[in-house]
1. Exactly one condition in (1) among the hydrophobic types (A, V, I, L, M, F, W, C); (2) without any contact (Cβ under 8 Å) to a residue 12 or more places away in the chain; (3) under 24 Å from LYS286 (Cβ atoms) is not met by PHE188; state its number.
2. Would you point out the residue of region 129-162, among those that are touching a strand residue (DSSP E or B) at 6+ places or on another chain (Cβ under 8 Å) and open to solvent by 10 Å² or more (accessible area, probe 1.4 Å), that is farthest from VAL323 (Cα to Cα)?
3. Are there strands (runs of 3 or more DSSP E) fully within region 163-243 with at least 2 residues that are open to solvent by 10 Å² or more (accessible area, probe 1.4 Å) and farther than 28 Å from LYS258 by Cβ? List them.
4. Checking the condition assigned to a helix (DSSP H, G or I), touching a strand residue (DSSP E or B) at 6+ places or on another chain (Cβ under 7 Å) and crowded, with 24+ Cβ neighbours inside 10 Å, which residue from LEU345, LEU326 passes?
5. In the list THR319, THR303, THR331, which residue meets the criterion of being closer than 19 Å to PRO57 by Cβ and crowded, with 18+ Cβ neighbours inside 10 Å?
6. Given the residues ASP259, ASP296, which is the only one that is in contact with a strand residue (DSSP E or B) (Cβ under 9 Å, 6 or more places away or on another chain) and surrounded by fewer than 20 Cβ atoms within 10 Å (Cβ to Cβ)?
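The values are calculated or read from the model by the stated rules, or taken from the named source; none is laboratory data. None of the values given here were measured: they were computed from a predicted structure. Every residue, glycine as well, gets a Cβ built from its backbone with ideal geometry; the counts of neighbours run over all protein chains shown. Remember, those area values only see protein heavy atoms, side chains included, never the ligands or the DNA or RNA. Shrake-Rupley method; radii C 1.70, N 1.55, O 1.52, S 1.80 Å.
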Amino acid sequence: MYFKKIGLFFLALVIIFTLGACQAQQPQGGQGASNNNQPAKGNGTLINGSGSTFVYPLIDKARAGYEQKAGIRVNYKGTGSGAGIQQLIAKTVEFGASDAPMKEDEIQKAGGNVLHIPVTLGGVAISYNLEGVQDLKLTGEVLAEIYTGKITKWNDKKIADLNPGVQLPDLLIAPVYRSEGSGTTFIFTSYLNAAAPNIWTKEKVDKNIDMAANKNAIGAKGNAGVAAQIQNTKGAIGYVELAYVIQNNMTAASIQNKDGQFVKPTLASVTAAAVGAAQSFAKDMKSSLVNQPGKDSYPIVGTTWALVYEQSPLDATKTKQVVDFLKYLVTDGQQYAEALGYAPLPKEIQDLDLKELDKVKVK
């Protein structure tokens, strides 16, 4: 009897330690990944998406609302637009998200037409770290020269002439950029080309930015990484999605727009730039929105596209679930946009999106 009790005691210990080890190995939600380890309200179906960090805060908020409504979990990781496109091509996710439209060779690699669904409108702010300087004005030409390394000091005459009366320090400029393929980089470089085409030529418009010639440049991963580098580096300047600037109370420059006005990045100025977006998307869902006319328009504005196969490689049930989530994101999900610093999609664009999503069919 004694040995029997000892055996049961050790068996209980084994069970306790086994359970504890299993608990310790449960995955945890981290930065850039939706924390979807809670039990689903419905059938436990999981939809996986990846890509733009620009839109991560909105998708993360909307996916929680969708789970409450439909009982289907959505796991979205902010890996960067380039990675999102590659994962869509590799079919390791059900949808991608990118702030840059796919190139024709990428669509060919995907093996079929990929629909581009605008899911939000947002600004790319130019944030900087200069003690005592709260109101800085910059032009596209000056920004292009900073990023090409032609302007290296904050008290350069070209910057000083735009900011009379502002005490600019004799300090090296540290341009911060996205180190991975990024749609935010695509929006930023598209603006530089539109505003200063002689300095920032068309071939430099891309998801990747070549900063090898600028020895003061600092690379960082994701919008959060760029924001952190700017906040921690005196003399830094960088391009960051507006939501991150608002959430982290960062200082942002006023940028000269197409009408010659210096405009700060705000929800109102992004919305002003989006007035013509519906007309542009009606002609081409991949249209660029940078450097729009209008005295109140902020010039560095872009959209994030959800990317989904027109001829779905998924089964009929999973295809319907993906389409239903994306329809929720571009309609009911827009209720979360304004609080996060995005311009909600106008109804005209929502209608275009729904019509586009109705094209999705199972192979």
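1. Failing condition for PHE188: (2).
2. For region 129-162, the residue satisfying everything is LYS153.
3. Output list reads 218-220.
4. Checking each option against the conditions leaves just LEU326.
5. None of the others qualify; the one that does is THR303.
6. After applying the criteria, what remains is ASP296.
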